[in-house]
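Q: First, the structure itself, so that you have it in front of you.
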Amino acid sequence: MAVFFLMASIAAHAQDEKGQNIPLISGGVGFLTNTSGGNTSYNPILSPLIAAPLGSRILVEGRGYILDVFYPNGQAGYARFHFQGLTYLQANFIASRHLTVVGGEFLTPFATYNERLSPLWISNLQNGPLISGIGVMGSASSVGGMVRGSAFSNSHVNADYAVYYSANSTNPNFSAEHSSGGRGSLYFPNERLEVGASFGRRLQATTANFAGVHVWWEPASTALKLRSEYAHAPHASGYWIEADYRLSRFNGGESFIGRIEPVFRMQQTFRSAPDPGDGLPSADTQETDFGLNYRLPHEVRLESSYSREFSSTGDKNIWQTGIVYRFLFPTWRGK
Amino acid sequence: MKRSSILISCLAGAFAILPLIAQPTAPKGNSQVPPAQSKHAPPPAYSSDGERVFKQNCSRCHEAPQSFPPQISGTVVRHMRVRASLSEQDEKLILKFLNP
């Protein structure tokens, strides 16, 4: 919080002439429930984000989280765990039309889930994909530097890239592994098709290489979104395919039916050798997820999902529900 | 296990055909979803290049906010330029679209 207020106060002296660059506070707050294999937990969570422009070329941004986990303690009450920390805190310098230089702690750019879909107010399903641990180097954040941007762009295609280098950091608020990697992708706006590839290399202790590809397709003529990723680690690999379809064709997106958004995700992981460090299940696993979200007015979303996981270590059901509110407002009223 | 697999297959199949059975209907209100079209309809018509770029890029990962104050529009777009690797041209078009 102190960091956030410091950023806001610095940015207060850096307003632009048009008054459009006032620092903002955004994020999500929610209450989630999770019943996995018969064990239920209740999770209130707050995930604030602040973004503060400095001058015409710099943006400082950070995201944190405060999470409590309550679950029955087997007697007459509940046990509680509390977590809080920074997800990332980075400074972005827009050096040219093709190059942005990033420094600080940033989300590791591998595949798409970590950077784009992991925020509480964006993810369609509470649980991330089973392979979300591949290539993000443990904490999913890196501490060091990154260059990224749009390498080439016209009305038919946009080629973007991100390349990073991270130092090893054992600071609890800035945890990261010594690693490097990057991602490149091509987006075809007319077809709304994106294809990309990622690579990461862990440079500390036992070195390891990670690779992944992703394909997203969101046809313009329908509200269907198809997303998929495949990722490979030294001792495991896997993929996920997700489809979500907002029923906006039924009297529009603001109608009672049009606010409903079914989600389906299929995923599979393959284990070739034990490796507790890659975050994947210890045995080959298949999982199907069915979600049903309802978007209420004023940025409130109701979430529900059922997942069935098949594994040689045991099958299980996962039930999840939640309510999430997304907020977005300026830090002050401005001119 | 077998019964669960059948159930899951049926649900997945039902989901897969959902877009096919949904009839095109013009959206009402301020939906961020592009207007629905029939199979042979032309691409969506946009009022400006800024609207086109906005819907092609910002809606890829998340629903656009229903509204936000104009004094943070520049901050929102700069954040999106970094996060979504927007080109400089696209950044300007979106900012113009948000502040006509």
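Q: May I ask you to list the residues in region A:150-160 that are touching a His at 6+ places or on another chain (Cβ under 9 Å) and either under 12 Å from A:G182 (Cα atoms) or at pLDDT 95 or above (or both)?
A: The answer is none; no residue qualifies.
Q: Mind checking which residues of region A:157-193 are within 30 Å of B:Y46 (Cα to Cα), surrounded by 15 or more Cβ atoms within 10 Å (Cβ to Cβ) and of a type in the set (D, E, K, R)?
A: A:D160, A:R192, listed by residue number.
Q: For A:V69, indicate whether it is surrounded by 12 or more Cβ atoms within 10 Å (Cβ to Cβ), over 26 Å from A:G30 (Cβ atoms), modelled with pLDDT of 95 or more and in contact with a strand residue (DSSP E or B) (Cβ under 8 Å, 6 or more places away or on another chain). Write out each step before concluding.
A: Values: surrounded by 12 or more Cβ atoms within 10 Å (Cβ to Cβ): yes; over 26 Å from A:G30 (Cβ atoms): no; modelled with pLDDT of 95 or more: yes; in contact with a strand residue (DSSP E or B) (Cβ under 8 Å, 6 or more places away or on another chain): yes.
When the stated conditions are applied, A:V69 does not pass them.
Q: Mind checking which residues of region A:61-116 are facing chain B (nearest Cβ under 10 Å) and among the basic types (K, R)?
A: A:R97, A:R116
Q: Moving on to the next point. Hey, could you check region A:48-69 for residues that are in a strand (DSSP E or B) and of a type outside the set (A, V, I, L, M) and say which is nearest to A:W121 (Cα to Cα)? Give the derivation first.
A: Applying the first criterion (in a strand (DSSP E or B)) to region A:48-69 yields A:48-54, A:58-69.
Cutting the leftovers down to of a type outside the set (A, V, I, L, M) gives us A:48, A:53, A:61-65, A:68.
On the way: A:P48: 11, A:P53: 23, A:E61: 17, A:G62: 16, A:R63: 13, A:G64: 13, A:Y65: 12, A:D68: 17 Å.
Among those that are in a strand (DSSP E or B) and of a type outside the set (A, V, I, L, M), it is A:P48.
Q: Let me ask something else. Give just the number: which of (1) closer than 30 Å to A:E309 by Cα; (2) crowded, with 21+ Cβ neighbours inside 10 Å; (3) within 14 Å of chain B (Cβ to nearest Cβ); (4) in contact with a helix residue (DSSP H, G or I) (Cβ under 8 Å, 6 or more places away or on another chain) does A:P262 not satisfy?
A: Status for A:P262: all satisfied but (2).
Q: Please go through region A:223-259 and pick out each residue that is among the small types (G, A, S) and either farther than 30 Å from A:T285 by Cβ or surrounded by fewer than 22 Cβ atoms within 10 Å (Cβ to Cβ) (or both). Walk me through how you get there before you give the answer.
A: First pass over region A:223-259, keeping only residues among the small types (G, A, S): A:223, A:228, A:231, A:233, A:236-238, A:243, A:248, A:252-253, A:255, A:258.
Selection gives A:A223, A:S228, A:S237, A:A243, A:S248, A:G252, A:G253, A:S255, A:G258.
Q: What is the number of the single condition among (1) away from chain B (no Cβ under 14 Å); (2) under 13 Å from the mean Cα position of the chain (by Cα) that A:L130 does not meet?
A: Unmet for A:L130, out of (1) away from chain B (no Cβ under 14 Å); (2) under 13 Å from the mean Cα position of the chain (by Cα): (2).
Q: Read through the list (1) within 12 Å of chain B (Cβ to nearest Cβ); (2) surrounded by fewer than 17 Cβ atoms within 10 Å (Cβ to Cβ); (3) touching a Leu at 6+ places or on another chain (Cβ under 7 Å), then give the number of the only condition that A:L302 fails.
A: Condition (1) is where A:L302 drops out.
Q: Out of (1) at the interface with chain B (Cβ under 7 Å from one of its Cβ atoms); (2) out of contact with any helix residue (DSSP H, G or I) (no Cβ under 6 Å at 6 or more places or on another chain); (3) modelled with pLDDT under 90, what's the single condition that is false for A:G334?
A: Single failed check for A:G334: (2).
Q: Just to check your reading of the model, which residue among B:Q89, B:Q37, B:Q66 is modelled with pLDDT under 55 and surrounded by fewer than 20 Cβ atoms within 10 Å (Cβ to Cβ)?
A: Values: B:Q89 fails: modelled with pLDDT under 55; B:Q66 fails: modelled with pLDDT under 55.
Unique residue meeting the criteria: B:Q37.
Q: Among the strands (runs of 3 or more DSSP E) contained in region A:142-211, which hold 3 or more residues that are closer than 19 Å to A:I131 by Cα?
A: Values: elements: A:158-167, A:179-188, A:193-202.
Filter on region A:142-211 gives A:179-188, A:193-202.
Q: Hey, another quick one. Can you tell me which of (1) away from chain B (no Cβ under 12 Å); (2) touching a helix residue (DSSP H, G or I) at 6+ places or on another chain (Cβ under 6 Å); (3) modelled with pLDDT under 90 is the one A:P172 doesn't meet?
A: (2)
Q: Could you pull out the residue among B:G13, B:G29, B:G74 that is in a helix (DSSP H, G or I) and at pLDDT below 75?
A: Working: B:G29 fails: in a helix (DSSP H, G or I); B:G74 fails: at pLDDT below 75.
None of the other options fit; the residue is B:G13.
Q: Only one of A:G62, A:G55, A:G77, A:G28 is of a type in the set (G, A, S) and closer than 19 Å to A:A140 by Cα; which?
A: Sole residue among the options that is of a type in the set (G, A, S) and closer than 19 Å to A:A140 by Cα: A:G62.
Q: Next question, about the same structure. If A:G181 satisfies all but one of (1) within 11 Å of another protein chain (Cβ to nearest Cβ); (2) of a type outside the set (S, T, Y); (3) under 19 Å from the mean Cα position of the chain (by Cα), what's the number of the condition it fails?
A: A:G181 satisfies all of (1) within 11 Å of another protein chain (Cβ to nearest Cβ); (2) of a type outside the set (S, T, Y); (3) under 19 Å from the mean Cα position of the chain (by Cα) except (1).
Q: Of all strands (runs of 3 or more DSSP E) completely enclosed by region A:248-335, which ones contain at least 1 residues that are more than 23 Å from the chain's Cα centre (by Cα)?
A: Details: elements: A:260-271, A:285-296, A:300-311, A:316-330.
Passing ranges, in order: A:260-271, A:300-311, A:316-330.
The values are calculated or read from the model by the stated rules, or taken from the named source; none is laboratory data. None of these values were measured; they are calculated from a predicted model. Neighbour counts are summed over all protein chains in view; Cβ atoms, including those assigned to glycine, are modelled from backbone coordinates with ideal geometry.
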